[in-house]
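What follows is a short report on a single structure.
Bear in mind these aren't lab numbers, they're just calculated from the coordinates by the rules spelled out. Quantities reported herein were computed from a predicted structural model and do not represent experimental measurements. Ideal geometry is used to build each Cβ from the backbone, glycine not excepted, and the neighbour counts take in all protein chains shown.
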Amino acid sequence: MLQQTTRERVSEHCLAILFREARTYYGWQPKPVSEEQLRELYELARMPPTSSNISPQRIVFVASKNAKERLRPGLKPGNVDKTMAAPVTAILGIDDRFFDHLELLAPHAVDKRAGYLSDPGLAARAAFRNATLQGAYLLMAARALGLDCGPMSGFLHDVVDAEFFPGGQVRSNFLINIGYGDPATVRTRAARFNFDDVCEIL
Ligand SMILES: Cc1cc2nc3c(=O)[nH]c(=O)nc-3n(C[C@H](O)[C@H](O)[C@H](O)COP(=O)(O)O)c2cc1C
């Protein structure tokens, strides 16, 4: 039965929520996001695929006023107000020692650990690729739960890492403000490439 469910096309309503009408928000309604919602969000976001299931993303959900103030100095000026107003800001990090968890996450691929250890470039590429995918999964999961997002790369990685990922094993990738967006802050939708502009079928 589950296999059937996963093969079903979702409704037009769902497609609108996830893709067609979903927007990036630059301002937030004063409506909180609970820990229960964040846990539900993670339960969904952890499921889509990463290579060998390595799951290198680590997340700090910045929700309290105190933690927001710790984040403030790491933000580029244009991202300060919206981030301070957002109920939650997710700091998406990349664990460079992701291969220490292969026994749990990838019992079929534990032998890959030696390769990652001996080739830091290979490990870094795998970590970045898969953690970034996981960031997209988190954003889409938030939309699926009726939340809005505002992803951001405008921040100082070294400042944010020193504050939230001391030790150097985890480094920041990007941030996502999460909450209930203020529709007044949405920009005019910019164009997207058409299929024929950027795709080919061979
Ligand atoms: C990885 C990433 C980083 C972004 N960084 C910033 C940022 O630092 N500040 C900002 O205001 N918007 C940022 N954006 C927002 C994008 O400009 C916006 O999502 C895009 O233009 C699409 O807008 P739409 O969803 O409303 O169509 C970022 C988006 C992504 C996905």
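Would you mind counting up the charge near residue 113? Only other residues with Cβ under 10 Å from its Cβ, with Lys and Arg at +1 and Asp and Glu at -1.
Numbers: positive: 112; negative: 100, 103, 111.
Local charge sum for residue 113: -2.
May I ask you to list the residues of the range 56-72 whose amide nitrogen lies under 14 Å from a point 7 Å from Cα along the Cα→beta-carbon direction of residue 84?
Counting backbone N atoms under 14 Å from the label point, the list is 65-72.
If one computes the Cα centroid of the range 72-144 and of the range 148-163, what distance in Å separates the two points?
One Cα centre to the other: 13 Å.
Nothing charged except the Cβ atoms of Lys and Arg (+1) and of Asp and Glu (-1): what's the magnitude of the dipole of the chain about its Cα centre? Round to the nearest 20 debye. Please list the in-between numbers first.
Details: 24 positive and 23 negative charges, 72 e Å.
The dipole of the chain has a size of about 340 debye.
What lysines sit close enough to residue 82 to cross-link, taking a C-alpha to C-alpha distance under 21 Å and skipping anything fewer than 8 places away on the same chain?
31, 65, 68
Ignoring GluC sites (Glu not before Pro) that are buried or in helix or strand per DSSP, and keeping those with at most 16 other beta carbon atoms within 10 Å, what is the longest stretch of the chain between them? Spell out each step's value before the answer.
Numbers: sites that count: 8, 21, 200.
In the chain, the maximal stretch lacking such sites is 22-199.
For every helix of n ≥ 4 consecutive DSSP H residues, a contribution of -39,500 (n - 2.57) applies; sum these over the chain, divide by its total residues, and give [θ] at 222 nm rounded to the nearest 500 deg cm²/dmol. Working shown, then result.
Working: 10 runs with 82 residues, N = 202.
Helix-only estimate at 222 nm: -11000 deg cm²/dmol.
Explain nothing, just compute: Karplus ³J(HN,Hα) = 6.51 cos²θ - 1.76 cosθ + 1.60, θ = phi - 60°, for every residue of the range 181-195 in order, whole Hz, x for Gly and Pro.
Values, residue by residue: x, 8, x, 5, 9, 6, 7, 4, 4, 7, 5, 10, 4, 7, 3 Hz.
Set the Förster distance to 22 Å, then compute FRET efficiency between residue 187 and residue 159 from the Cβ-Cβ distance, nearest 0.05.
Once rounded, the FRET efficiency stands at 0.25.
Shape of the chain from its Cα gyration tensor (a ≥ b ≥ c, root eigenvalues): rounded if a/c is under 1.5, otherwise prolate when a/b > b/c, or oblate? Don't jump to the answer; show the numbers that get you there.
Values: a/c = 1.61, a/b = 1.12, b/c = 1.44.
Oblate.
Which ordering of 25, 180 is given by a fewest-first count of other beta-carbon atoms within 10 Å?
Working: 25 25, 180 17.
Listing 25, 180 from fewest to most nearby Cβ atoms yields 180, 25.
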